[in-house]
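Below is one structure, written out as structure tokens; the observations come after it.
The values are calculated or read from the model by the stated rules, or taken from the named source; none is laboratory data. Since we're looking at a predicted model, the values are computed, not measured. Glycine gets a Cβ as well: all are built from the backbone with ideal geometry, and neighbour counts include every protein chain shown.
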Amino acid sequence: MQFNNLIVQIENGVGVITINRPKKLNALNKDTILELHHSIKDLDAAHDIRVIIITGSGDKAFVAGADISEFSDFDVQQAAQLSREGQELLFDFIENLSTPVIAAINGFALGGGLELAMATHFRVASDNARMGLPEVSLGVIPGYGGTQRLAQLVGKGRALEMIMTAQMINASQAELWGLVNAVKSQEELLPYCFLLAEKIKQNGPLAISAAIKAVNANFKEGISGFDIEISEFAKCFGTEDFKEGTTAFLEKRKAKFTGH
Ligand code: COA
């Protein structure tokens, strides 16, 4: 599938989506959000794609936010629709995807850009990356899940400090606060993400999807994460992957998982 604002490459079972609007610092306009939805859906449906990496083109920005020019004249109803549709199409969609998604933050990740990175399953940053939720400087708050996910990742006090001051933090601060898992040089960023993807690929894909569901359950209202863990744990026992994983261990060989 061809996209206007994305480059999608597949390498050895890993799908790499590069958001490609460098002149606008890869800002997320409506078309880009739709293209991201479709590309991620396609990669998730492809049985041989086991990990997805999202990054930005160039060496300056991951994503510098939602495209401000698209919503500056919106009214209250249009704003509610923008936020709800975006959350459903992209941010919640990624968080609940069965294929693991890694954000390779290669520069500015601001507003919707940081929200996108926070919706992925985990994040790695380059040492020049700068992250923030500057929406209050525009007279608005984050609308793509940022108020929820930032507090989950760094804690309420740090989240409110970042949101209320609208200040950016650098990559080492983000690592210290647990917003990103590791910091690498620009050159090392994607190779390091591929290394992590390789490690993930060694493991049972159905178990990986079950782990995503169980961990996410802790952050959903009205359901017990422990109950979800019990049911996902039990479901694994009905898979060929579980039989293969345990048999391979007992036979002292490497498991060959098929995702069935
Ligand atoms: N929406 C729309 N366009 C954006 C954008 C966004 N979120 N972020 C950057 N751009 C555009 C700029 O308007 C500029 O376009 P132009 O060349 O047609 O004027 C281009 O990208 C380059 O950005 P510029 O501001 O000139 O780069 P800079 O190096 O001086 O500053 C930033 C970089 C990231 C600090 C600055 O672009 C910025 O503050 N962006 C907005 C961040 C933000 O508030 N995001 C939250 C949105 S909800």
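Looking at region 15-53 only, could you name the residues that are in contact with an Asp or Glu (Cβ under 8 Å, 6 or more places away or on another chain) and within 18 Å of P191 (Cα to Cα)?
The answer is I52, and nothing else.
Which of the residues belonging to region 206-230 are in a helix (DSSP H, G or I) and out of contact with any helix residue (DSSP H, G or I) (no Cβ under 7 Å at 6 or more places or on another chain)?
Within region 206-230, S209, A211, I212, V215, F226, D227, I230 qualify.
Step by step: first the residues of region 98-115, then only those that are outside any strand (DSSP E or B) and within 24 Å of H47 (Cβ to Cβ), then the one that is farthest from the ligand (Cβ to nearest atom). Which residue is that?
Residues of region 98-115 that are outside any strand (DSSP E or B), as a first pass: 98-100, 106-107, 111-115.
From what's left, within 24 Å of H47 (Cβ to Cβ): 98-100.
Working: S98: 29, T99: 27, P100: 27 Å.
Among those that are outside any strand (DSSP E or B) and within 24 Å of H47 (Cβ to Cβ), it is S98.
Is it the case, given these coordinates, that D92 is surrounded by fewer than 18 Cβ atoms within 10 Å (Cβ to Cβ), within 14 Å of A117 (Cα to Cα) and in contact (Cβ under 8 Å) with a residue 40 or more places away in the chain? Step through it out loud before you land on a result.
Details: surrounded by fewer than 18 Cβ atoms within 10 Å (Cβ to Cβ): yes; within 14 Å of A117 (Cα to Cα): yes; in contact (Cβ under 8 Å) with a residue 40 or more places away in the chain: yes.
Yes, satisfied.
In region 116-139, what residues are within 9 Å of the ligand (Cβ to nearest atom) and either within 9 Å of the chain's Cα centre (by Cα) or hydrophobic (A, V, I, L, M, F, W, C) (or both)?
Hits for region 116-139 are L133, L138.
Where in region 1-89 are there strands (runs of 3 or more DSSP E), lying fully within it, with 1 or more residues that are of a type outside the set (K, R) and in contact with a Phe, Trp or Tyr (Cβ under 6 Å, 6 or more places away or on another chain)?
So the answer is 51-56, 61-63.
State whether the residues of region 2-24 include one that is within 12 Å of Y144 (Cβ to Cβ) and modelled with pLDDT of 95 or more.
no
Cβ-Cβ under 8 Å, sequence separation 6+ or interchain: first residue in region 182-195 and over 17 Å from P100 (Cα atoms) and hydroxyl-bearing (S, T, Y), partner surrounded by fewer than 19 Cβ atoms within 10 Å (Cβ to Cβ) and at pLDDT 95 or above. Which pairs?
Short answer, once both residue conditions are applied: S185/D127.
Within region 214-234, how many residues are under 28 Å from T18 (Cβ atoms) and either without any contact (Cβ under 8 Å) to a residue 40 or more places away in the chain or surrounded by 18 or more Cβ atoms within 10 Å (Cβ to Cβ) (or both)?
Total satisfying the criteria: 1.
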